[in-house]
Amino acid sequence: MKKDWILHHIGMVVRDLDKSVEYYQSMGQVEKVSTLLTAEGKSAKLLGKFLRVGSLNIELWQPIRGATVQQEFLDTRGEGINHLAYIIDDYEKEYVDLVENRGIRLVFGSKPPFSGSGQAGYFDTREDGHNTLLELMAIPPGRDMIRWET
């Protein structure tokens, strides 16, 4: 992690999204809950929500079907933190440093060449001695990617 990276959220894998949201709300620290997130492709599906606790965003993902890094994490380690997400300025520079210079594998996400804005990717730092994935996001200034429930 570099000094100019900004922590955006901590990502957790859970078995039951609704029960997990209820549990964290019952502790009295959750200020906001996001609308439902759905990540779905031909072979996989995840459901998620963000929780705001003070200045920290916590992202919860429940694997529904398919072989995903979240399902792998749940099967091998159980529920818990599986990634740290950072906002960065130059995704291509960081991609080159991680993948080409350091040999860290991109699990899924944007690969060069890029078109448009909003590149992001999950990098497998587990082989580099860490037990969490690294998510890097180049988000345009002023854009809030989380939609909070009203």
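Laboratory data are not the source of any read-out in this text; all were calculated from the coordinates shown. Predicted, not measured: the structure shown is a model, and the values here were computed from it. Quick reminder, even Gly has a Cβ in these numbers, built from the backbone with ideal geometry, and neighbours come from all protein chains shown.
What to note about this one:
- Residue 114-residue 31 pseudo-label distance in nm [points 7 Å out on the Cα-to-Cβ vector]: 2.9
- Full extension of the chain segment joining residue 144 with residue 132 gains 1.9 nm, where the gain is 0.36 nm per residue of separation less the Cα-Cα distance.
- Residue order for 12, 145, fewest other beta carbons within 10 angstrom first, comes to 145, 12.
- For 148, 5, 61, order by how many other beta-carbon atoms lie within 10 Å, fewest first: 148, 5, 61
- Close amide H contacts of residue 133 (hydrogens built in the peptide plane, cut-off under 5 Å, sequence separation of 5 or more or a different chain): 83, 84.
- Rounded to the nearest 5, the antiparallel percentage of DSSP beta bridges internal to the chain is 80%.
- 25 Å Cα cut-off, lysine pairs counted over the chain (separation 8 or more, or different chains): 12
- By average C-beta atoms within 10 angstrom, highest first, the peptides 100-108, 50-58: 50-58, 100-108
- Rounded tilt (10° steps) of 17-26 against the dominant C-alpha axis of the chain: 70
- Only the Cβ atoms of Lys and Arg (+1) and of Asp and Glu (-1) were treated as charged; on that basis the dipole of the chain about its Cα centre amounts to roughly 240 debye.
- The simple Förster model, with R0 at 41 Å and r as the Cβ-Cβ distance, assigns residue 2 and residue 65 a FRET efficiency of 0.70.
- Taking every C-alpha pair closer than 8 Å and separated by at least 6 residues, the mean separation divided by the residue count of the range 6-137 gives a relative contact order of 25 percent.
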